[in-house]
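Please treat every number below as a calculation from the coordinates, not as lab data. These figures come from a predicted structure and were not determined experimentally. Backbone-built Cβ (ideal geometry, glycine too); neighbour counts: all protein chains shown.
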Amino acid sequence: MNFKKSYSYGKQSISFKDIWEVVKTLRSNWLTQGPKVKEFEQALCDYTGAKYCVVVSNGTAALHLAVLSLGISKGDEVITSPITFLASSNAILYSGGIVKFADIDEKTACIDPIQIEKQIIDKTKAIMPIHFAGQSCDMEKIFNIAKNHNLFVIEDAAHGLGSEYKGCKVGSCKYSDITTFSFHPVKNITTGEGGAITTNNKDIYEKLLMLRAHGITKNKNLLTKNDGPWYYEQHYLGFNYRITDIQCALGISQLKRLDKFIKRRRDIVEVYKTEFENDDRFSLLEEKEYSKAAFHIFPVLINFEKVKIGKKELFENLKKEGLFLQVHYIPVYLQPYYKMFGFKNGDFPNSEEHYKRTISLPLYIELRKNDLKNIVKIIKKIVV
Ligand SMILES: Cc1ncc(COP(=O)(O)O)c(C=O)c1O
């Protein structure tokens, strides 16, 4: 029998307190549409500094509603990064929008503001930067570009809950109209599945509330008439993107642990940096001076020209040693589905180079000193 310890690239941490909070909600009167939803939204506002928050069923739903709430529709262009999970650009397509990509800065793997400017035309309506690996994009620069061209900014912070940009929490929307988050189990906190949208704009907030629940409102200030206390109206074609109170109870409890999670994530990253930064087989992404990343993932770039092993063989050998890693990401425009929009190999060279070289190392708070030692040893043994 093989008792070798195995590691994935990410994993949740669930405490007894988390479980207890979920159990209490299960025994309460509200499984969904109850007080835990509002409480989680308020806790996220308090944490990020945003005025308003709407929690939803997952991060993809958050992006979809973000795009819709800004009125982006058929023929409108939105610029995003090719190095993201395809949910980001798919959300633009859901609303009938056109996806434009701008290449990444090779040093951070975040969208490059200079490349954004090159993609702007009359039809451009918004920019959707992705805070890759948890590091914030250079939001002040992006916001200024947006202001100059009268564009909206949607921050995809699926990786970035708890990260900071120039001393502000990601999600404060200081340099954007909307920020979205994901609470999938590999993310910085989890609700199983779940997502959130923050904004400082009351109109956007009201619209998001309606879009989350079929486009319906009972808000007296928004109704066109009022037949009675039961009365509601549909103003938009919305969805059922609600999240349950059970999930929100977990989210509230997890959020209380987030700062500890981040500290541990950053400590683990320090170990990896020390081990890999002076070894010419590897390169690391830079953490910029404006950023304090919550590090959802830690990608290391392999300098394949300096070693004999290829990427496929590397992955197979890592698996044999119990390391089940991931690649973040395959450039979205290289997906077969995206070919119909006319994208082709070679369109965004920095993204393709990143894809060729990147692997994400295990990063979750339960990793101990010995685990890290073991992981580093395996990687250094195999990458030759
Ligand atoms: C950058 C990014 N955006 C959006 C999403 C979608 O989030 P969810 O899986 O919660 O729908 C993810 C999920 O991995 C992501 O990594």
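Suppose R0 equals 22 Å; then what is the FRET efficiency for V376 and K260 from their Cβ-Cβ distance, rounded to the nearest 0.05? Write out the running numbers ahead of the final one.
Details: r = 23 Å, r/R0 = 1.07.
With R0 = 22 Å, the Cβ-Cβ based efficiency is 0.40.
In terms of modelled amide H atoms, which long-range or inter-chain residues lie less than 5 Å from the amide H of F152?
A126, I127
How much FRET efficiency would the formula 1/(1 + (r/R0)^6) give for Y290 and K51, where r is the Cβ-Cβ distance and R0 is 25 Å, rounded to 0.05? Display every interim value, and only then the final one.
Details: r = 23 Å, r/R0 = 0.93.
With a Förster radius of 25 Å, E is 0.60.
Mind checking the angle between helix 35-48 and the chain's longest principal axis? C-alpha axes, 0 to 90 degrees, to the nearest 10.
With rounding to tens, the tilt is 60 degrees.
Sorted from fewest to most neighbouring beta carbons within 10 Å, what does the list S253, S136, S351 look like? Walk me through the numbers before you get to the answer.
Values: S253 21, S136 29, S351 26.
With the sparsest Cβ surroundings first, the list reads S253, S351, S136.
Just going by the charge dipole of the chain, with Lys and Arg at +1 and Asp and Glu at -1 on Cβ, which of I111, V22, V56 is farthest out on the positive end?
Of the candidates, V22 comes out farthest on the positive side.
Quick check for you: which residues of the stretch 337-376 have the amide N under 15 Å from the point 7 Å beyond the Cα of I309 toward its beta carbon?
Correct set: 357-362, 374-376.
Rounded to the nearest 500 deg cm²/dmol, what is the calculated helix-only ellipticity per residue at 222 nm for the chain, with -39500 (n - 2.57) per DSSP H run of length n ≥ 4? Can you show the working numbers first?
Details: 11 runs with 138 residues, N = 384.
Rounded to the nearest 500, it is -11500 deg cm²/dmol.
What does the net charge come to around S6 if you take all other residues with beta carbon closer than 14 Å to its beta carbon, with K and R at +1 and D and E at -1? Working shown, then result.
Values: positive: K4, K5, K11, K319, K320; negative: E321, E366, D371.
With Lys, Arg at +1 and Asp, Glu at -1, the neighbours total +2.
Name the longest site-free stretch of the chain, where the excluded sites are GluC sites (Glu not before Pro) in a DSSP loop with no more than 12 other beta-carbon atoms within 10 Å.
Working: sites that count: E277, E289, E366.
Result for the longest clean stretch: 1-276.
Among D279, D46, which comes first, then next, by fewest other beta-carbon atoms within 10 Å? It would help to have the intermediate numbers written out before the result.
Details: D279 15, D46 11.
Ascending Cβ contact count within 10 Å gives the list D46, D279.
Regarding the chain, what are the three Cα extents along the principal axes, ordered largest first, in Å?
74, 53, 38
What distance in nm lies between label points placed 7 Å from Cα along the C-beta direction at N219 and S13?
3.7
How many angstrom separate the Cα center of the stretch 259-322 from the Cα center of the stretch 82-132?
25
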